[in-house]
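To start, the structure itself, in structure tokens.
A short reminder: the numbers here are calculations on the coordinates, not readings from a lab. Small disclaimer: the values here were computed from a predicted structure and weren't measured.
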Amino acid sequence: MTLKIDHKSPIPLHFQVESALREMINSPEYPSGTFIPNEVNLATQLGISRHTVRHAISKLVNEGLLERKKGVGTRIGEKSISTGLRNWMSFTQEMNAQGREVKTFNIHVEKVMADEDIARNLEIKEGDELIKLIRIKGDEDGPFVLFESYLHPRIGLKGDEDFTHSLYELLEKDFSIIVDLSREEIKAINADQFVAERLQTEVNSPILERIRRVYDPGMRPVEFCRAYYRADRFSYSIDIKREY
């Protein structure tokens, strides 16, 4: 499989490289454990800088799709079964689709410094100041989801905005930020003390952890979010159409 990118495309080069590598990872030609070309070879093949290649590879390593070992190389990680959704909705839209009224139980806003993980996911520098937004939501039966969102400093949030309504509607209306793509991971975890207390459940009870990376139409990061759902109160229903 030959990787290709379009140097005339408005899509950022690192995103094109990332997309091409995702195709390689998903290809049956490249099973788990297969080593991919090194950064120098990829940069030469694609006619781009090594830094751009490293940026794309780092994101895939962070997602667990690639494994990188110093002095050995980068190889494709263990492939897991995943389902891609063609459309995504805000939490409010998800709730409305199920005929449930959204209730906000708590909102906390603060300015924090980006750690290594946040900086990597928002493509900013470690130590940059940004807004951290924690929201606890649910329905008439009580809270069942905790959102921990980090918003890109580029947006210009002050921290005193009205976060009681839809976050994405706020970004579009007040900051002309339109969200276009969400890359998500969902996995099962056990509730720690922090999550259990806020979702009114027991420590070690089953939780769905949803990692969301949200981008604007230009593929610039807007939000990095960790969401924790009570597994006994919330589930996903996915329709998948067979391709012929």
Note, ³J(HN,Hα) from phi for the range 66-75, Karplus 6.51, -1.76, 1.60, rounded to Hz, x at Gly and Pro: 10, 10, 10, 10, 4, x, 10, x, 10, 10
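What full-extension length gain, to one decimal in nm, is calculated for R226 and D115 as 0.36 nm per residue of separation minus the Cα-Cα distance?
Extra length from R226 to D115 when fully extended: 38.5 nm.
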Most mobile of K111, K59, K187 in a GNM of the chain (Cα contacts under 10 Å): K187
Residue among E63, E148, E209 with the largest mean-square fluctuation in a Gaussian network model of the chain, springs linking Cα atoms under 10 Å: E63
Amide H contacts under 5 Å for F144, placed H, 5+ residues apart: K137, G138, D139
